[in-house]
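Peer 1: Shown below is the structure under consideration.
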Amino acid sequence: MDQKIQLGPLTLKNPVITASGTFGYGLEFMRYGDLSAIGAICLKGISLAPRAGNPMPRIAETPCGMLNAIGLQNVGVEKFLKEKLPYIPAGATLIANLYAQTPEDFGELAGIFSTEDKIAALEVNISCPNVREGGVQFGQDPHMAAAVVGAVKKRSGTKPVIVKLSPNVTDVRVIAKAAVDAGADMLSLINTLSGMSVDIRTRRSRLANVVGGLSGPAIKPVALRMVHQVAQAVNVPIIGMGGITSAEDVLEFILVGAHAVQIGTYNFMRPDNAFRLVEEVRVLAESLGIESWDDYRGTLQV
């Protein structure tokens, strides 16, 4: 089976992408496999200025998953371009994940990355607080989401723009349509679900930030439902994510309409997981008689 997929103008070797924030800058995982063998690497979220992130503790295990409140710690775009990007091997397909707190800053980041040849696409994290609107997440309001997408598209040059959707909304299709209408080339979903964990003995939160993002197998049913809904609502490629740990999970997301998938939390359990899945997905697809992703995608019988 030819595993290649078309994501707008991008051609990927296979549908396996590593999720932002779970695979570092790729450099940390080079000992486990060939980075160019993965469909793409979505880099750790990058902001204009360095961020220290939230205070500790900022990770807590949960049944079938984990909560994180890292706070988008990162080295900042200037240091990334000088100290990280040059050392990522040629041949790896890289997606820059953008983090900002105003549409203008999102646009500035897009402009910086628009001239970087090693960056294949931009993923826009709209699960960020809008500092001008009392901290409401851009991804929870269709008008705010559209403003961010518009600002990025103006400065992104030829780089395709992926908008990463939050599940913490009443109807994800509303935000999806707003993002596409504003120019999004692709959508990725879902980001983490808001949650918390407490310790009855210390009577304290297990996260210093109190609230964190829930990820892992526990959220897969929610992610599948939202990907299925969005695939029926818009006409752009979709990257599905949320609780994927196996080749079966990958095929489930493609069955409901995803063009590709992102592997996140399970990278912490098995650092070689993404590399293994590339081959496991091929073997499973062939065993089921799937000859092409285009013929299989979105063929769920309901």
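Peer 1: Quick check on my filter: what residues within region 86-107 are in a helix (DSSP H, G or I) and within 29 Å of Ala182 (Cα to Cα)? Lay out the reasoning, then the answer.
Peer 2: We begin by selecting, within region 86-107, every residue in a helix (DSSP H, G or I); these are 86-87, 103-107.
Listed by number, the residues that qualify are Pro103, Glu104, Asp105, Phe106, Gly107.
Peer 1: Restricting to region 1-21, name every residue that is under 13 Å from Phe275 (Cα atoms) and among the basic types (Lys, Arg).
Peer 2: Lys13
Peer 1: If you don't mind, another one. Can you confirm whether region 173-185 contains a residue that is within 24 Å of Gly216 (Cα to Cα), modelled with pLDDT of 95 or more and open to solvent by less than 20 Å² (accessible area, probe 1.4 Å)?
Peer 2: Yes, the conditions are met somewhere in region 173-185.
Peer 1: To continue, here is another question. For region 1-22, give me each residue that is under 17 Å from Leu43 (Cα atoms), of a type outside the set (Val, Ile, Thr) and either in contact with a Cys (Cβ under 9 Å, 6 or more places away or on another chain) or open to solvent by 10 Å² or more (accessible area, probe 1.4 Å) (or both).
Peer 2: Leu10, Ala19, Ser20, Gly21
Peer 1: A follow-up question, please. Go through (1) in a loop (DSSP other than H, G, I, E, B); (2) more than 14 Å from Ala146 (Cβ to Cβ); (3) in contact with a strand residue (DSSP E or B) (Cβ under 8 Å, 6 or more places away or on another chain) for Ala184 and report which single condition fails.
Peer 2: Looking at each condition in turn, Ala184 falls short on (2).
Peer 1: Pick out the one residue from Ser156, Ser127, Ser166, Ser114 that is in contact with a helix residue (DSSP H, G or I) (Cβ under 7 Å, 6 or more places away or on another chain), at pLDDT below 95, surrounded by 15 or more Cβ atoms within 10 Å (Cβ to Cβ) and among the small types (Gly, Ala, Ser).
Peer 2: Ser127
Peer 1: When you look at Ala120, is it open to solvent by 20 Å² or more (accessible area, probe 1.4 Å), assigned to a strand (DSSP E or B) and either of a type in the set (S, T, N, Q) or more than 16 Å from Gly21 (Cβ to Cβ) (or both), yes or no?
Peer 2: Yes.
Peer 1: Quick one: how many residues across region 131-153 are open to solvent by 10 Å² or more (accessible area, probe 1.4 Å) and either of a type outside the set (Gly, Ala, Ser) or at pLDDT below 95 (or both)?
Peer 2: Residues flagged as open to solvent by 10 Å² or more (accessible area, probe 1.4 Å) and either of a type outside the set (Gly, Ala, Ser) or at pLDDT below 95 (or both) within region 131-153 amount to 13.
Peer 1: List every residue pair whose Cβ atoms lie under 9 Å apart, where the two residues are 6 or more positions apart in sequence or sit on different chains, the first residue falls within region 1-15 and is at pLDDT 95 or above, and the second residue, located anywhere, is among the aliphatic types (A, V, I, L, M) and surrounded by fewer than 17 Cβ atoms within 10 Å (Cβ to Cβ).
Peer 2: Lys13/Ala37; Asn14/Ala37
Peer 1: To continue, here is another question. Go through region 25-60 and give me each residue that's out of contact with any strand residue (DSSP E or B) (no Cβ under 7 Å at 6 or more places or on another chain) and closer than 23 Å to Asp105 by Cβ.
Peer 2: Answer for region 25-60, where residues must be out of contact with any strand residue (DSSP E or B) (no Cβ under 7 Å at 6 or more places or on another chain) and closer than 23 Å to Asp105 by Cβ: Tyr25, Leu48, Ala49, Ala52, Gly53, Asn54.
Peer 1: Restricting to region 194-242, count the residues that are open to solvent by less than 30 Å² (accessible area, probe 1.4 Å), farther than 19 Å from Met56 by Cα and not hydrophobic (A, V, I, L, M, F, W, C).
Peer 2: 4
Peer 1: Of the conditions (1) of a type in the set (Ser, Thr, Tyr); (2) under 22 Å from Gln3 (Cα atoms); (3) open to solvent by less than 50 Å² (accessible area, probe 1.4 Å), Thr62 fails just one. Which one is it?
Peer 2: (2)
Peer 1: Same structure, new question: Test of understanding: among Gly39, Gly26, Gly45, Gly53, which residue is open to solvent by 10 Å² or more (accessible area, probe 1.4 Å) and either closer than 22 Å to Gly216 by Cα or under 16 Å from the mean Cα position of the chain (by Cα) (or both)?
Peer 2: Gly53
Peer 1: Filtering region 65-90 down to residues that are among the small types (Gly, Ala, Ser) and at pLDDT 95 or above, which residue is surrounded by the most Cβ atoms within 10 Å (Cβ to Cβ)?
Peer 2: Gly65
Peer 1: Please give the number of the condition Thr18 fails out of (1) closer than 19 Å to Met241 by Cα; (2) touching a Phe, Trp or Tyr at 6+ places or on another chain (Cβ under 7 Å); (3) of a type outside the set (D, E, K, R).
Peer 2: That leaves (2) as the condition not met.
Peer 1: Here's something else I'd like to know. Filter region 260-302 down to the residues that are under 24 Å from the mean Cα position of the chain (by Cα), open to solvent by less than 40 Å² (accessible area, probe 1.4 Å) and either within 19 Å of Lys220 (Cα to Cα) or β-branched (Val, Ile, Thr) (or both) and list them by number.
Peer 2: Ala260, Val261, Gln262, Ile263, Gly264, Thr265, Asn267, Asn273, Ala274, Leu277, Val278, Val281
Peer 1: Please go through region 5-18 and give me each residue that is part of a loop (DSSP other than H, G, I, E, B) and touching a helix residue (DSSP H, G or I) at 6+ places or on another chain (Cβ under 8 Å), ordered by number.
Peer 2: Once the filter is applied, which keeps residues that are part of a loop (DSSP other than H, G, I, E, B) and touching a helix residue (DSSP H, G or I) at 6+ places or on another chain (Cβ under 8 Å), region 5-18 yields Lys13, Asn14, Pro15.
The values are calculated or read from the model by the stated rules, or taken from the named source; none is laboratory data. Treat the numbers as computed from the prediction; the structure is a model and nothing was measured. Virtual Cβ from ideal backbone geometry, glycine too; neighbours counted across all protein chains shown. To get the accessible areas, we keep the full protein, side chains included, count just its heavy atoms, and leave off ligands, DNA and RNA. Shrake-Rupley method; radii C 1.70, N 1.55, O 1.52, S 1.80 Å.
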